[in-house]
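The values are calculated or read from the model by the stated rules, or taken from the named source; none is laboratory data. All values reported here derive from a predicted model rather than from experimental measurement. As a convention, Cβ positions derive from the backbone with ideal geometry for all residues, glycine included, and neighbour counts pool all protein chains shown. These accessible areas exclude ligands, DNA and RNA; they are computed on the full protein's heavy atoms, side chains included. Shrake-Rupley method; radii C 1.70, N 1.55, O 1.52, S 1.80 Å.
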Amino acid sequence: MEISINIFGSPLNQNHRLIHLYQLTYFLANTMKIMKYIYSVMFATMMILLTASTLSYSFSQTPDSNVASNIFNNKELIVPKNVKNFVILIPNEAHESPDLPKDQRLINQPYVPQNLVVDPGTKIVWFAGDVGHMRKVILEDENSNEIFNSILKFNSASKVLPFNQSGKFTYFETKANKDDPNFVMKGSVTVTGPEPNSSINISKNSLKSNFDTLSVIMIPTKDINKHAKILNENSLNILDQYSFKDLRQTAGGGANQTLLVLGSNGPIDPTISTLKKITSTLPYS
């Protein structure tokens with residue numbers, strides 16, 4: 001007797017079931033290809049999002065997370081004790097009063113940084129970036145004795161002033177704004193005693209300490225790459241940056257100004273020369 005075993009059922013259905021098995025196999029194979037493609041797209045998308053998130057964090061405006069944002073938000077900088085020179089910026093529209101109905105200032109302080117803490121022996125220079133205006137810097141000690149007086153044209157720097165005595169020094173300019181006679185441009189330099197300044201925390205501020213000269217400059221955010229090239233060509237390092245919407249609110253909702261903290265080695269004159277190159281090209285005027 002001949003016995004026939006048919007795993008597909010009756011002989012009449014054998015071809016029909018083979019066709020279905022082929023179709024199922026084909027469908028699964030194509031499904032696997034599609035899933036592989038989907039997984040590839042999902043992986044690529046995740047990598048793009050991760051990269052974008054990292055870049056966004058690098059240029060974020062998180063308050064008090066780094067040196068530049070500290071200067072902007074707290075209006076103060078504690079300078080590492082090894083730094084020999086610091087250039088204080090008189091920013092564009094520094095003379096505009098915040099009490100006027102329509103704020104004309106770009107940044108929230110008349111001097112950047114408005115308050116500076118340094119060790120004895122640090123040399124200070126004021127750099128005038130207020131387009132089309134003469135600026136005056138009068139420095140007084142704690143007893144209101146005038147010890148320094150300088151008149152600055154736009155895009156020029158004061159003489160180098162060494163701070164050898166400890167104490168708090170105030171500098172200012174009165175009658176800087178005719179529309180608000182009571183407005184006074186005012187800043188301070190606090191010189192610590194001979195003991196180490198324990199409040200300096202370089203790691204918290206993310207500020208490299210191996211530079212002789214530190215300075216700051218404010219530039220349009222859209223022009224960072226252009227000016228970064230000039231800074232690099234002149235051996236000025238961008239140590240930190242913070243982008244913000246200027247007080248005129250001309251950015252259409254986005255950050256349109258960037259504060260750069262710069263470091264360089266050697267004497268202060270090359271830094272001043274480079275700042276002049278950049279400031280003379282800024283579109284504020």
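If the chain linking Asn234 and Asp180 were pulled fully straight, counting 0.36 nm for each residue of separation and taking away their Cα-Cα distance, it would gain 15.5 nm. Couplings 3J(HN,Hα) of the stretch 210-226, computed from phi: 9, 10, 7, 10, 10, 8, 9, 8, 10, 9, x, 4, 5, 9, 4, 4, 4 Hz, in residue order, whole Hz [Karplus 6.51 cos²θ - 1.76 cosθ + 1.60, θ = phi - 60°; x for Gly and Pro]. The relative contact order of the stretch 96-185, computed from alpha carbon pairs under 8 Å that lie at least 6 residues apart in sequence, is 29 percent. Taking every alpha-carbon pair in the stretch 62-117 and binning the separations at 5 Å intervals from zero gives 4, 19, 23, 23, 17, 9, 3, 1, 0 percent. I need the calculated FRET efficiency for the pair Lys222 and Ser280, taking r as the beta carbon distance and R₀ as 25 Å, to the nearest 0.05. For R0 = 25 Å, the calculated efficiency reads 0.90. For Lys136, the residues whose modelled amide H falls within less than 5 Å of its own, excluding neighbours fewer than 5 places apart on the same chain, are Leu152. Compared with the direct C-alpha span, the chain from Asn73 to Ser166 gains 30.9 nm at full extension, assuming 0.36 nm per residue. Of Ser280, Ser97, the residue with the largest accessible area leads and the full order is Ser280, Ser97 (1.4 Å probe). The order of Val117, Val67 by accessible area, most exposed first and with a 1.4 Å probe, is Val117, Val67.
Taking each residue as 0.36 nm, the span from Ile151 to Met134 lengthens on full extension beyond its C-alpha to C-alpha distance by 5.4 nm.
Couplings for the stretch 170-177, taken from phi via the Karplus curve 6.51 cos²θ - 1.76 cosθ + 1.60 with θ = phi - 60°, read 10, 10, 6, 9, 8, 6, 7, 9 Hz in order; Gly and Pro are left as x. Taking 20 Å as the limit for the C-alpha separation, the pairs Lys81/Lys229; Lys75/Lys277; Lys178/Lys276; Lys75/Lys102; Lys222/Lys245; Lys102/Lys222 exceed it in the case of Lys81/Lys229; Lys75/Lys277; Lys178/Lys276; Lys75/Lys102; Lys102/Lys222.
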